[in-house]
Amino acid sequence: MTKSDTLNRLIKLALDEQSSDLHLSEGRVPILRSYGVLDPISKESVLTREDIEIFLDIFLSSEGLAVLKEKRDIDFSFAVEDLDVRFRGNVFFRRGKISIALRLIPSEIKTFDELGLPESLKEFTKLNQGFFLVVGPIGNGKSTTLAAMIEMINEERSEHIVTIEDPMEYVFKPKKSIIDQREVRSDAEDFPSALRAMFRQDVDVLMVGEMRETETISTAVTAAETGHLVFSTLHTNTASQTIDRIIDSFPADQQEQIRAQLSSSLTGIFSIRLVPKVSGGLVPAYELLINNTAIANLIRERRIHEIDTVIETSSESGMISLDKSLANLVQRGEITVENALANSLNRHSLEKML
């Protein structure tokens, strides 16, 4: 049996177990992450350096291998056509040994209902312009949520959609819309250059995989101001923290300008957590900020710390706090009190709701 066969067998096992991640590390047996729990595949042999290098030859081009040798880590995407599955991967060195982390990307883009996302989120797909962010910890469904939103636009509107990703994850099939997907390094030099180019590409909807640097944030916000509908992600925990992170990423003499731009161009921020269900699997808990006059004023007036209170008291306008979402899941019997408290950022507030 070849290492390609071994890899296919491990990928099939990951699919059968509905795993989110597969870890292939020198000196360890392969490990799956299923429903948030790491599970070593004890019947498999410990992987050697030779095993890992064979996997790398499958995953990476010669250019990618050169980057890995120089930088000591690299992101990549990989598709297994026979199994109709894609991965987002990262290779990295640890104390001289090599590890590969693979995130499984389902071939089918799930709908809002299948993901358990709120109906109010659909309203942001109907806008003609603005800046919408999906935030949360790594591995909690940000990319999956964005994919569902982009797919809804693809199904219902005739638009030119461009995605800029590193690496590319979900593959969209054009329906009512034109979709051009660009991967950093293979299709564009970097995020900033790809973003600058989009102004000459007759784009209606833009999806940026991640807000990584100040220039990317600045260009994305400008795009939202100039008639584009922009979606992106950040690794932040809450809406207020997200706004602070964006503003603080700019030099002090530019922060007033970005405050003004953000207050007018931001449409909403969706913060998501995947919480273990009592019945098995995961269910989303979330916070939703909708930018209205009150929120815009708080952003302009440097009163970001008051945003959490506005979210908590604005349920009639569609906003919801993370603690309220967690409390609702507990009251419906979908998650335990323990898991709700473990995912809360304000345990005292949540305890009062339960």
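Charge tally around Gly318: other residues with Cβ under 10 Å, Lys/Arg +1 each, Asp/Glu -1 each, net -3. Relative contact order of the chain, taken over Cα pairs closer than 8 Å and 6 or more residues apart, is 12 percent. The spacing between region 1-50 and region 167-199, judged by their C-alpha centroids, is 30 Å. A simple count of charges around Asn346, restricted to other residues whose Cβ falls under 12 Å of its Cβ and scoring Lys, Arg +1 and Asp, Glu -1, yields -2. Helical runs (DSSP H, four residues minimum) scored at -39500 (n - 2.57) apiece and divided by the length of the chain put the mean residue ellipticity at 222 nm at -11000 deg cm²/dmol. Within region 1-100, the trypsin sites (Lys or Arg not before Pro) that combine a DSSP coil assignment with at most 16 other C-beta atoms in a 10 angstrom radius are Arg28, Lys43, Arg72, Arg95. The charge dipole of the chain, taken about its Cα centre with unit charges on the Cβ of Lys, Arg, Asp and Glu (plus for the first two, minus for the last two), comes to roughly 580 debye.
Each Lys or Arg adds one and each Asp or Glu subtracts one; over the other residues with Cβ under 15 Å from the Cβ of Ile246, this totals -2. The overall shape of region 232-302, judged from the alpha-carbon gyration tensor, is prolate: a/c is not under 1.5, and a/b is greater than b/c. Counting every other Cβ atom within 10 Å of each residue's Cβ, Lys142, Lys277 order from fewest to most as Lys277, Lys142. Of all DSSP beta bridges in the chain, what percent run antiparallel (nearest 5)? The antiparallel proportion sits near 60 percent. The distance from the alpha carbon centre of region 51-109 to that of region 294-354 is 38 Å, rounded to a whole number.
The long axis of helix 214-225 is offset from the longest Cα principal axis of the chain by roughly 50 degrees. When the Cα positions of Ile74, Ser177, Ala14 are compared along the charge dipole of the chain, Ala14 comes out farthest toward the positive end, with charges on each C-beta of Lys, Arg, Asp and Glu.
For Ala188, the residues whose amide H sits under 5 Å from its own are Glu183, ignoring neighbours fewer than 5 places away on the same chain, with H placed 1.01 Å from N. Stretching Lys175 away from Ser61 to a fully extended chain increases their span by 37.9 nm, per 0.36 nm per residue minus the current alpha-carbon distance.
The angle between the Cα long axis of helix 142-156 and the main principal axis of the chain comes to about 70°, on a 0 to 90 degree scale.
Using only Cα atoms, find the angle between the long axis of helix 3-16 and the longest principal axis of the chain, and express it within 0 to 90 degrees, rounded to the nearest 10. Around 40 degrees separate the two axes. For region 180-217, trypsin sites (Lys or Arg not before Pro) are listed when DSSP marks them as loop and at most 13 other Cβ atoms sit within 10 Å of their Cβ; the list is Arg200. Database remark: amide H of Ile105 closer than 5 angstrom to the amide H of Arg86, Phe87, Arg88 (H placed geometrically; neighbours at sequence offset of 5 or more, or on other chains; Pro and chain starts carry no H). Considering all projection directions equally, how large on average is the shadow of the alpha-carbon convex hull of region 1-91, in square nanometres? In nm², the orientation-averaged hull projection of region 1-91 is 6.1. The H on the amide N of Thr163, modeled in the peptide plane, is under 5 Å from the matching H of Asp180, Gln181, Arg182, Met207, each at least 5 residues off or on a different chain. Within the chain, the longest segment free of exposed loop sites, counting GluC sites (Glu not before Pro) that fall outside DSSP classes H, G, I, E and B and have at most 11 other Cβ atoms within 10 Å, spans 190-300.
Coordinate-derived values only; no laboratory data. From a predicted model like this one, the values you see are computed outputs, not experimental measurements. In this analysis, Cβ positions are derived from the backbone assuming ideal geometry, glycine residues included, and neighbour counts consider all displayed protein chains.
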